[in-house]
Amino acid sequence: MIKLYDYEISGNCYKVRLLMKILGVPFESIPLDFYPGREHKSDWFLAINPLGQLPVLVEDNFCLRDSHAILIYLASKFDESKTWYPTRDPVQMGRVNMWLSFADAITSAAGAARLHDSFFYDMDAEQVRRQAHRLFQILDETLWFSEQENDGWLCPGVLPTIADIACFPYVMLSEEGGISRLPYPAIRRWTDRVKKIPGFMIMPGIFNGPE
Amino acid sequence: MTTEHRWYPVCRTQELVAGHVAQSQILGHELAVWRDHIGQVHVWENRCPHRGVRLSIGLNLGESLQCRYHGWKFATGTGQCIHIPAHPDQTPAENLQVTRFRGAEKYGLIWTFVPLKDSIPQMPELPLADGITLRSHILQAGLSEVLDALGKIAQPIDAWIWRDHDQHIPIHYLLQPMDQRFVAIHSLWGGYLTHKDWIEISRRENARLTLAFRSIDVRSGITP
């Protein structure tokens, strides 16, 4: 069975759990004491991931770090429809990859502001908040036009992709880093749509949508 | 910010999709704006009367709005609390009510006013049948900075309604003073458009406004 080195309130761990739930992939969670224990920087875990980051997926002798690499692996292996990560459609796959990089930028901005406010990391919080606002402006504009021309997902088409899953958590948790979503009404409607994906599940700070 | 007793737009009609609770703000008052099961629009103070949690993170159940924190339900129309999950057999007290603002739908927008007098103010008269709205812009700046930027592309009809400089661009810009940090600008197109033309014009005007307001985000450091 797949094992996931995991932390319940990490947005990057949550996006992997979320996709596994949606795809119906059974897994075993191995929780680490990220805060305040810093177990992800312990000797035993650095032997598994020298970057000291969560999540890490382990399946038999195969070990994979980086949440987006894990999303790509899971979608490619377990989604027979090939819609979550469209390996048969190079254009759409290119778009998904573009938004996966964008999701990394969201983590480095909105996710970092949350580490500052909620986990007391030392950084220039105002700087990362400004970066997050710039990213959210681009996201809101993209989603507004996607609502008019498509079905409101990040990549054109009628179905969500792992791009939506990758961007979702640190957008939803942004207020824990002091980043209001008041100026981003199209983002707010998109988060409602993500919550309606069959199999959607919550984490602390991210609630269910309407039935 | 202002003491004018008048209607302001709070969001586009189209943004109140089924099951959604929009978050808006007017003159420092946070708002939860939602459409109920029969299509009626409600503009409520964005605050649960129980513990003050924002209702915009709650659930639009159609006949009621449910607070996220303790699951209290507030009825459409009255804003009266009708259900408290921790005391399911109790009838909630009559004073457990959400503070409501008067709402209206006109020109493709949702409107409200902050009651500074007893009377209901006059709805602004625009030379539009039923406006077609383009993408709204929410700017992170005070009013004077926004007006400076808006002056590059438009001229005022009154303090809150502007008209494009270009005679060939039939757009009115309606200002929504949110608070000291945010001002929203809603774009109203005068005339009929096919869906295809509307998308094309939305893209073109969105790009033009983004450019006109770029100085604001450069000054605040949001845009490098």
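We did not get these values from a lab; they are worked out from the coordinates using the rules stated. Values in this document were obtained by computation on a predicted structure and should not be read as measured data. Here the Cβ is made from the backbone with ideal geometry for all residues, glycine too, and neighbour counts use every protein chain on show.
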query: For the stretch A:113-133, which residues satisfy the criterion of being within 12 Å of chain B (Cβ to nearest Cβ) and surrounded by fewer than 17 Cβ atoms within 10 Å (Cβ to Cβ)?
result: A:124, A:126, A:127
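Taking the condition of a type in the set (Phe, Trp, Tyr) and closer than 18 Å to residue B:138 by Cβ, does residue B:8 pass?
Details: of a type in the set (Phe, Trp, Tyr): yes; closer than 18 Å to residue B:138 by Cβ: yes.
Judged against the criteria, residue B:8 is a match.
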- request: Within the stretch B:54-73, identify whether any single residue is over 21 Å from the mean Cα position of the chain (by Cα) and more than 27 Å from residue A:205 (Cβ to Cβ), and answer yes or no.
  value: yes
task: Among residues belonging to the stretch B:1-40 that are surrounded by 19 or more Cβ atoms within 10 Å (Cβ to Cβ) and away from every other protein chain (no Cβ under 14 Å), point out the one that is farthest from residue B:146 (Cα to Cα).
output: B:7
- prompt: Within the stretch A:20-51, restricting attention to residues that are in contact with a Gly (Cβ under 9 Å, 6 or more places away or on another chain) and among the hydrophobic types (A, V, I, L, M, F, W, C), which residue is nearest to residue A:197 (Cα to Cα)?
  reply: A:22
- request: Quick one: which residue in B:171, B:132 is away from every other protein chain (no Cβ under 14 Å), closer than 19 Å to residue B:11 by Cβ and in contact with a helix residue (DSSP H, G or I) (Cβ under 8 Å, 6 or more places away or on another chain)?
  value: B:171
Every residue from the stretch A:59-94 that is among the aliphatic types (A, V, I, L, M), more than 24 Å from residue A:10 (Cα to Cα) and surrounded by fewer than 14 Cβ atoms within 10 Å (Cβ to Cβ): A:91
field: Qualifying residue in the stretch A:195-204 (condition: part of a loop (DSSP other than H, G, I, E, B), small (Gly, Ala, Ser), surrounded by fewer than 22 Cβ atoms within 10 Å (Cβ to Cβ) and away from chain B (no Cβ under 11 Å))
entry: yes
- request: Determine if the stretch A:134-149 includes at least one residue that is outside any helix (DSSP H, G or I) and either within 13 Å of chain B (Cβ to nearest Cβ) or among the small types (Gly, Ala, Ser) (or both).
  value: no
